[in-house]
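The values are calculated or read from the model by the stated rules, or taken from the named source; none is laboratory data. Owing to the predicted nature of the structure, the values given are computational and were not obtained by experimental measurement. A quick note on method: Cβ atoms are made from the backbone with ideal geometry, for glycine too, and the neighbour counts reach across all protein chains shown. All accessible areas refer to the heavy atoms of the entire protein, side chains included, with ligands and DNA or RNA removed. Shrake-Rupley method; radii C 1.70, N 1.55, O 1.52, S 1.80 Å.
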Amino acid sequence: MRVFSGIQPTGAIHIGNYLGAIKQFLALQEKAECVFSIVDLHAITIPYQPKELQKNILDAAVCYLAAGVNPEKSILFIQSSVKEHTELAWLLGTLCPIGDLLRMTQYKEKSKEFKETAGAGILNYPILMAADILLYKTDVVPVGKDQKQHVELTRTITRRFNKLFGKTFIEPEVKLLKAGAKIMALNNPRKKMSKSVPESCLYLFDEPDIIKKKIMSAVTDPGKQIKYDEIQKPGISNLLTIYSLFSGKTIKEVEKKFKNANYEKFKKSLAELLIDSLEPFRRKRKELLVREVYVKEILEQGRKKAQIIAQSTLQEVRQKMGLS
Ligand code: ATP
Ligand code: MG
């Protein structure tokens, strides 16, 4: 079984990235062939600072490793270092229905958010993502819920390709977690936590005082009860989900534990839980930050391994499409 997933070097990773995606990576790397990419070509579809991109890419690598991705078990590499991604994206773009691109939620949201600067990259993002996935003949794509639509579009492209050029790819399956697939923003529990909205994030590597401050000021709902109700109490429900996932207790057990508590008491306890749970990640990240040569070597080894698979797939695709 082959697994592919990516993370954009658009900033430090947050607990949503961890609970929705990276936690799955850690389980999957124990039993499948995993390919994880720092998707820099996706990251440049929104405004960015060229001078900072290299630093952000390295930072993303440190984040992956500190969160537990094991380079001896998984391939970890930078997307743009394997040129086959862009070539396959062009080829697949010729098969992708334009209407499908226009109805993608991420396109609608990001083109609105970056109205003045939005380029075609925001629209074509899912085509490049399809190329990322298919280049490794992927079976399973572990992601957060926001990316489900893009994997479904990859399946549409796969079917079209196979129909026109002969069976080449299997339709990749999206893998979501039952709980954690959509962690909501701390400043607005009706929107997802996103790296591109710093106020929304609790970062995996936030220091204890910052964790406390962010949790205590997280937006909650009218009322007093600590009760899970996504419609009426999206803020408390999100915090209950986070509590449950980091404590290993069910939501019901957490509700029971805080039956007589108010929001403040619950938040204090959640902040303490997070400070403790995230301590190993902070420590590991600090260790890795001073080992730049080691991290770069991991990425170079990853590039070599990824490229072997990518070149072989692209060669097959070129032949099937009549290009060589
Ligand atoms: P950006 O705002 O730059 O798009 P992001 O926070 O969405 O950043 P990505 O790098 O785009 O992060 O996504 C990395 C992985 O994390 C993807 O699998 C994505 O589905 C998942 N993910 C992102 N946000 C959340 C969230 N709030 N809850 C659960 N999973 C998430
Ligand atoms: Mg995203």
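Cβ-Cβ below 8 Å, separation at least six or inter-chain, first residue in segment 5-20 and within 11 Å of ligand 2 (Cβ to nearest atom), second open to solvent by 30 Å² or more (accessible area, probe 1.4 Å) and small (Gly, Ala, Ser): which pairs?
10/196; 11/196
Filter segment 199-214 for residues that are outside any loop (DSSP other than H, G, I, E, B) and either touching a helix residue (DSSP H, G or I) at 6+ places or on another chain (Cβ under 8 Å) or at pLDDT below 95 (or both); which is most open to solvent (accessible area, probe 1.4 Å)?
At the first step, the residues of segment 199-214 found to be outside any loop (DSSP other than H, G, I, E, B) are 199-200, 203, 208-214.
Filter once more, so that each one left must be either touching a helix residue (DSSP H, G or I) at 6+ places or on another chain (Cβ under 8 Å) or at pLDDT below 95 (or both): 203, 208, 211-212.
Details: 203: 45, 208: 46, 211: 0, 212: 101 Å².
The selected residue is 212.
Restrict the check to segment 210-230 and report whether at least one residue is in contact (Cβ under 8 Å) with a residue 40 or more places away in the chain and among the basic types (Lys, Arg). Even if it seems obvious, please write down each step before you answer.
We begin by selecting, within segment 210-230, every residue in contact (Cβ under 8 Å) with a residue 40 or more places away in the chain; these are 211-212, 215-216, 218, 220, 226.
Pick out the ones that are also among the basic types (Lys, Arg) and you get 212.
For segment 210-230, residues in contact (Cβ under 8 Å) with a residue 40 or more places away in the chain and among the basic types (Lys, Arg): present.
With the checklist (1) under 21 Å from residue 317 (Cα atoms); (2) touching a helix residue (DSSP H, G or I) at 6+ places or on another chain (Cβ under 8 Å) in hand, flag the one item residue 71 doesn't pass.
(1)
What residue, of 134, 91, 95, 128, is assigned to a loop (DSSP other than H, G, I, E, B), closer than 18 Å to residue 172 by Cβ and not charged (D, E, K, R)? First the steps, then the outcome.
On the way: 134 fails: assigned to a loop (DSSP other than H, G, I, E, B); 91 fails: assigned to a loop (DSSP other than H, G, I, E, B); 128 fails: assigned to a loop (DSSP other than H, G, I, E, B).
Just a single option satisfies the conditions, and that option is 95.
Tell me, yes or no, whether segment 129-138 has at least one residue that is at pLDDT below 95, within 13 Å of ligand 1 (Cβ to nearest atom) and crowded, with 19+ Cβ neighbours inside 10 Å. If you could, list the steps in order and put the result at the bottom.
Here is the first cut: in segment 129-138, the ones at pLDDT below 95 are none.
Among the residues of segment 129-138, not one is at pLDDT below 95, within 13 Å of ligand 1 (Cβ to nearest atom) and crowded, with 19+ Cβ neighbours inside 10 Å, which makes the answer no.
Residues being modelled with pLDDT under 95, basic (Lys, Arg) and in a helix (DSSP H, G or I): count how many of those fall in segment 98-125.
So the answer is 2.
Among the residues of segment 83-94, is there at least one that is modelled with pLDDT of 95 or more, open to solvent by 40 Å² or more (accessible area, probe 1.4 Å) and within 14 Å of ligand 1 (Cβ to nearest atom)?
Keep residues of segment 83-94 that are modelled with pLDDT of 95 or more, which gives 83-94.
Keeping just the survivors that are open to solvent by 40 Å² or more (accessible area, probe 1.4 Å) gives 83, 86-87, 90, 94.
Filter once more, keeping what is within 14 Å of ligand 1 (Cβ to nearest atom): none.
No, there is no match, as no residue in segment 83-94 is modelled with pLDDT of 95 or more, open to solvent by 40 Å² or more (accessible area, probe 1.4 Å) and within 14 Å of ligand 1 (Cβ to nearest atom).
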